[in-house]
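Please treat every number below as a calculation from the coordinates, not as lab data. Being a predicted model, the structure only gives us computed values, none of them experimental. All Cβ positions, even for glycine, are placed from backbone atoms using ideal geometry, and neighbour counts span all protein chains on display.
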Amino acid sequence: MWGGTDLTANVRCWLRMLSAALFAAMLATSAAATPLRLNKPLCFAIAADTAGPPDQGFHCAGDPVGYQNRTLWLQADLSKIGGRSPVLLIHQGRFDRLVVLFRYADGSVDRQEVLRGDFGSHWRIGGQIAFEVIPRGVPVTQVTLGFTHLASHKLLRIRMLSRTAANRDLATAATLAGGSITLLLIGGIYNLSLAIAVRRQSLAWHGLWAVCMVLWGLVWSQILLIALPQVAGTSAAQTCTLLACLAVATATISVVTALGQTWPRWISRGAIALGVAVALMGIPASVVTSAVLDMLGSVLGVLTLADLALVTLGIALSWRGGSQEARDIARSWAPPMAVLALTQLFDFNDALFGGGPQIAVLFASALQTVWLSITTTLRVSTMRVELDQARAAKNALAELANRDPLTGLLNRRGFVGCIEQTFAGGNEASFALLLMDVDLFKSINDQFGHETGDAVLCRIAGYFRRLERELCVGARMGGEEFVIAVSGLTSFALAQFAERVRAEVAALDHGEVSKHRTVTVSIGVAEGSTRTPFQKLYGAADRALYDAKRSGRNKVVFQSGADLQTRELERGQLTFRWPHAG
């Protein structure tokens with residue numbers, strides 16, 4: 001079975017192999033598409049009429065302006081592309097109406113269109129709109145597109161593919177989008193649950209980031225149109241912009257809360273400020289449909305790159321400082337951060353199965369949440385093992401602090417704590433203390449030595465340990481003094497128990513000591529209940545022990561904690577007497 005380190009290495013290897021294979025597949029399939037770009041070979045014209053394109057006035061150079069409140073017509077000659085059954089794929093964007101006209105070699109025209117909030121059967125998972133040419137036995141020679149109230153022509157992604165290539169690209173894009181969203185959803189739920197379990201703020205922010213990415217992926221890929229077809233087009237694009245900006249902010253805060261305490265203050269504050277600025281800038285960027293959108297997009301690109309730079313610098317400083325968490329975050333966040341930076345610097349619009357930079361970010365985010373979930377789990381598991389070990393060591397130290405090092409019985413502190421728990425039960429029950437002292441123990445030390453004396457104490461303690469049960473506990477109170485707490489016995493049973501203890505202690509074999517003398521104990525018994533104050537009961541037992549020793553030792557003396565009536569039990573003979581004055 002894999003260990004933690006082996007598991008991490010194997011997962012990292014598999015993720016790298018998967019990423020490399022996917023990247024190679026992206027490049028291979030992208031070569032089958034013919035991109036249609038402005039002036040390459042699309043020419044443009046601007047008109048107020050949405051019924052059809054103007055008869056003339058198309059320009060094949062320059063950039064169109066002032067079309068946001070009108071209709072932008074784009075036209076391309078497809079005679080050089082060829083193909084009897086091409087498919088036109090257009091990435092969803094911000095427009096109110098899109099008209100597509102296919103002109104055939106025989107002069108006939110096929111008109112197809114979609115409206116904002118109604119893409120009909122033309123939408124495809126992967127954020128694209130598909131217009132298929134109806135086979136008529138002659139090739140398509142020209143395609144004309146009319147966008148009404150288009151927000152920005154710079155956001156258009158238009159490709160012409162064969163039917164086979166289009167189906168392959170759409171199926172691959174749908175698989176990647178669905179798989180990535182599923183992984184993000186699982187990762188988001190897992191990290192939010194883990195954040196609650198271990199109370200880690202950074203995991204909560206990472207879970208929120210994953211939720212933002214899931215929602216963004218559902219809207220961008222158009223999977224959401226299955227349930228809400230009315231959000232197609234502009235509404236979906238605006239929602240995507242807002243969610244993408246929120247994702248940048250939550251990702252930044254997630255990293256800062258995880259590592260920010262090890263960063264210089266200006267990096268932490270700067271990164272959070274930039275992340276919040278991206279989120280705030282996303283509000284107007286998601287609303288506008290005018291030419292201002294291009295300017296807001298440029299500002300968002302600059303803010304995002306600056307945010308990525310600061311976060312990368314902070315992670316590098318933490319890594320250099322020896323933080324294992326920084327290494328894990330760097331390895332997990334590297335794919336989405338790198339992809340996000342590349343999409344701001346380079347044009348990926350015609351690559352990646354038509355999904356462009358969005359599908360790259362979505363897939364990289366899925367890899368990130370898988371990797372971070374694995375490393376976080378391993379780290380939390382290690383922390384849990386260390387915490388359990390620390391708790392076990394603490395409990396062991398507490399147990400040692402409550403035990404007498406010589407005999408292994410509870411010491412005074414441990415005994416009092418145990419009895420306090422008994423008294424805190426709330427239910428009243430009979431309870432008694434047997435306080436005992438080894439008779440003439442000093443003479444044993446003087447005659448046989450302290451080591452022999454310690455052996456005598458240990459042998460007596462061993463006998464007391466054999467008596468311990470749920471309602472009986474023994475302890476060494478210090479020196480040669482011991483105590484037994486017992487509950488649940490009637491007065492008569494308690495008297496029998498005390499006499500049994502006295503007799504069996506006297507019968508213990510202490511080797512060389514027993515050849516010269518019998519080792520006995522004097523026992524003072526105080527009988528009460530769990531409602532009787534402990535100190536009062538202990539004082540009564542101490543007075544009874546004093547009476548037992550003063551009256552000749554090797555005796556059991558009973559004293560009631562309630563009325564202080566004393567009874568003396570000697571060698572099986574139970575007698576009553578009042579305590580001495582004083």
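Below is a table of values for the structure above.
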{"quantity": "Near-label residues of the range 91-129 by backbone N, under 12 Å of a point 7 Å along Cα→Cβ of Ser235", "calculated": "116-119"}
{"quantity": "Ranked packing of 301-310, 439-448, most packed first, by mean Cβ within 10 Å", "calculated": "301-310, 439-448"}
{"quantity": "Rounded Å value of the spacing that divides the Cα centres of the range 275-311 and the range 53-71", "calculated": "28 Å"}
{"quantity": "Which labelled figure in (i) 10; (ii) 48; (iii) 27 is percent of Cα pairs over 46 Å apart, once derived from the coordinates", "calculated": "(ii)"}
{"quantity": "Difference of contour (0.36 nm per residue) and Cα-Cα distance, Leu280 to Leu305", "calculated": "7.4 nm"}
{"quantity": "Cα long-axis angle, helix 265-287 against the chain (0 to 90 degrees, to the nearest 10)", "calculated": "50 degrees"}
{"quantity": "Inter-label distance for Glu468 and Asp454, nm, one decimal - labels placed 7 Å from Cα along Cα-to-Cβ", "calculated": "2.0 nm"}
{"quantity": "0 to 90° range, to nearest 10: angle between helix 412-423 axis and the chain longest Cα axis", "calculated": "80 degrees"}
{"quantity": "Folded to 0 to 90 degrees: helix 201-220 orientation relative to the chain principal axis, Cα", "calculated": "30 degrees"}
{"quantity": "Hull-based mean projected area of the range 171-385, where the convex hull spans the alpha carbons, in square nanometres", "calculated": "12.1 nm²"}
{"quantity": "Pair Arg265, Val287: separation of 7 Å Cα→Cβ label points (nm)", "calculated": "3.5 nm"}
{"quantity": "Label-to-label distance, nm, for residues given as Asn69 and Ser193 (7 Å Cα→Cβ offset)", "calculated": "5.4 nm"}
